[in-house]
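In what follows, a single structure is set out as structure tokens and then discussed.
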Amino acid sequence: MPTVLLILGTRPEAIKLAPLILHLISRPAEFRTVVCVTAQHRGMLDQVLEIFRIQPDYDLDLMLPGQTLFQSTSRILAGLEPVFDAVKPDVAIVQGDTTTTLCGALAAFYKNVPVGHVEAGMRTGDPRQPFPEEMNRALASRLTTLHFAATDWAAENLRKEGVPSSSIQVTGNTGIDAVLYVRDELERGALTARDCPALDPSKKNIVVTAHRRESFGPGFDRICAALARLAERDDVRIIYPVHPNPNVRSAVDHHLRACPNVLLIDPLDYVSFVDLMRRACILITDSGGVQEEGPSLGKPVLVLREKTERPEAVAAGTALLVGTDADAIVREASTLLDDPDAYRAMARRHNPYGDGHASKRIADALLSAQST
């Protein structure tokens, strides 16, 4: 029976690994499942673990206020060494592109443990966008044995970099497993959105998330200016769960705190955020996860980035890159608000990222790899 060590540290990782963790746990005769959290993001991570009723076997609790990339990288890597010594895993699973992802893959490499990379192969081709995530993901790929790509496009990126096809499995994205589960449970009343704010049915509600490092400074100022202009419309209400990073909060408070039709709230737990998205009119975001989740919920997504490692939704017409240009943000959002045909064209429930069964495909691939 293989021992699978899953390493995660942030809310996005928890959302996307939770379905896989629960699936592996549901097959106890086939897998010994061990979960280690670095707590790179403490509060938002814990919210997701609680929703999916996951109790980590190891909690490194490494978050520090205002920690730099140097500090988090060195602390995570050092913290993982005794975990590998104690668990002696047959495979280590990391997800995505965070500092925890890179450190987990590097720790496994140092211990001669094969790495499974969930959501492998996404690329923008620019090591500074997103920063540091693009380089984290590319470096993790160099350390990975089993590449679990969400889409054919991601798999092709890996093949172009010399990864053999035998090491790549196209599985769909586990984040879609998670969002479809939560959406369905909300719709049938089995889950309750405890913190989701009430939406004004007389207005077109726009949900915003923005927190990327590459937008800090002038980019965030432009984003906030665009939102302030949109909020001048009487038919619009903007709901913005504000990331706790001081670079984000200071800009948002400066530009938007006094704006009418703007509701600034603390980050929501995952269930409440899915509920908020499914009841929104438009999603404006720089989040990779929201780019994937929006199409499953039938919501147009305006992406606050110049480049994306998730071009499939853009190609499908359910997402559009607007960057941090205030005029472009206002123009494209206004088109969706004012033109029913343009809105319907983007609001199709079509998701190129998965069908809700990625976790089973990954588990089956892990088992197959252990038997060869």
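The values are calculated or read from the model by the stated rules, or taken from the named source; none is laboratory data. Since the structure is predicted, the reported quantities are computational estimates derived from the model, not experimental observations. Ideal geometry is used to build each Cβ from the backbone, glycine not excepted, and the neighbour counts take in all protein chains shown. Areas reflect the complete protein model, heavy atoms only, side chains present, ligands, DNA and RNA absent. Shrake-Rupley method; radii C 1.70, N 1.55, O 1.52, S 1.80 Å.
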**Study point:** nm² value of the averaged projected area, convex hull over the Cα atoms of the range 141-220
**Key:** 9.8 nm²
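Would you calculate a helix-derived [θ] at 222 nm for the chain, using -39,500 (n - 2.57) for each DSSP H run of n ≥ 4 and dividing by the full residue count, to the nearest 500?
Helix contribution divided over all residues of the chain: -14000 deg cm²/dmol.
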Review point. Helix 358-371: angle to the longest alpha-carbon principal axis of the chain, degrees 0 to 90, nearest 10?
Key: 20 degrees
Check your understanding: How many lysine pairs in the chain, separated by 8 or more positions in sequence or lying on different chains, have Cα atoms less than 28 Å apart?
Key -> 17
Revision key, fill the gap. Computed ³J(HN,Hα) along the range 74-90: with the Karplus parameters 6.51/-1.76/1.60, θ = phi - 60°, integer Hz and x for glycine or proline, the list is 5, 6, 5, 4, 5, x, 7, 4, x, 5, 4, 5, 7, 7, 6, x, 7
Review point. If you roll a 1.4 Å probe over the heavy atoms of the protein chains, what accessible area per residue do you get for the range 86-154, in Å²?
Key: 34 Å²
Study note, to complete from the structure: Amide H neighbours of Leu263 at under 5 Å, excluding residues fewer than 5 places away on the same chain, with H built from the backbone geometry, are Ile238, Ile239, Tyr240
Practice item. Tally up the carbon and sulfur contribution to the accessible surface of the chain as a whole percent, 1.4 Å probe, everything protein left in place. Key: 52 percent
Review point. At a probe size of 1.4 Å, how large is the accessible area of Thr100, to the nearest 10 Å²?
Key: 0 Å²
Review point. How much of the calculated P(r) for the chain lies past 29 Å, in percent of all Cα pairs?
Key: 39 percent
Revision key, fill the gap. The rounded separation in angstrom of the Cα centers of the range 92-119 and the range 188-254 is 33 Å
Review point. When Rg is the radius of gyration of the Cα atoms in the range 1-143 and Rh is its Kirkwood radius, what does Rg/Rh come to?
Key: 0.94
Exercise for review: With viscosity set to 1.002 mPa s and temperature to 20 °C, compute the Stokes-Einstein D of the range 208-301, Rh being the Kirkwood radius across alpha carbon pairs; µm²/s, no decimals.
Suggested key: 158 µm²/s
Check your understanding: Which ³J(HN,Hα) values, rounded to whole Hz and listed in residue order, are derived for the range 261-273 from phi using the Karplus coefficients 6.51, -1.76 and 1.60 in 6.51 cos²θ - 1.76 cosθ + 1.60 with θ = phi - 60°, glycine and proline given as x?
Key -> 6, 10, 10, 9, 10, 5, x, 8, 5, 4, 4, 5, 5
Check your understanding: What percent of all Cα-Cα pairs in the range 277-363 falls in each 10 Å bin, counting up from 0?
Key -> 18, 51, 24, 5, 1
Practice item. Write down the accessible area per residue of the range 236-285 in Å², having rolled a 1.4 Å probe over the full set of protein chains. Key: 35 Å²
Check your understanding: How many nm is it between the label spots at Glu156 and Asp85, if each spot is 7 Å from the Cα in line with the beta carbon?
Key -> 4.7 nm
**Study point:** Vicinal HN-Hα couplings computed from phi for the range 312-318 (Karplus, 6.51 cos²θ - 1.76 cosθ + 1.60; Hz; Gly/Pro x)
**Key:** 4, 5, 5, 5, 7, x, 9
Check your understanding: Under the definition of Cα pairs under 8 Å and six or more residues apart, what whole-number percent is the relative contact order of the range 78-189?
Key -> 22 percent
Exercise for review: Taking the chain as the reference, fit the longest principal axis to its C-alpha atoms, fit the long axis of helix 11-25 to the helix C-alpha atoms, and give the angle between the two in degrees, 0 to 90, nearest 10.
Suggested key: 40 degrees
**Study point:** Nitroxide proxy distance, nm - points 7 Å out along Cα→Cβ at Asp253 and Ala342
**Key:** 3.5 nm
Practice item. Kindly rank 307-318, 108-119, 179-190, 270-281 from highest to lowest mean number of other beta carbons found within 10 Å of each residue. Key: 270-281, 108-119, 307-318, 179-190
Review point. When the Cα centres of the range 275-294 and the range 67-87 are compared, how far apart do they sit, in Å?
Key: 32 Å
**Study point:** Rg(Cα)/(2.2 N^0.38 Å) for the range 247-324, N = residue count
**Key:** 1.16
Review point. How far, in degrees from 0 to 90, does helix 174-187 lean away from the longest principal axis of the Cα atoms of the chain, to the nearest 10?
Key: 60 degrees
**Study point:** Distant-in-sequence amide H partners of His243 (H built 1.01 Å from N, under 5 Å)
**Key:** Ala210
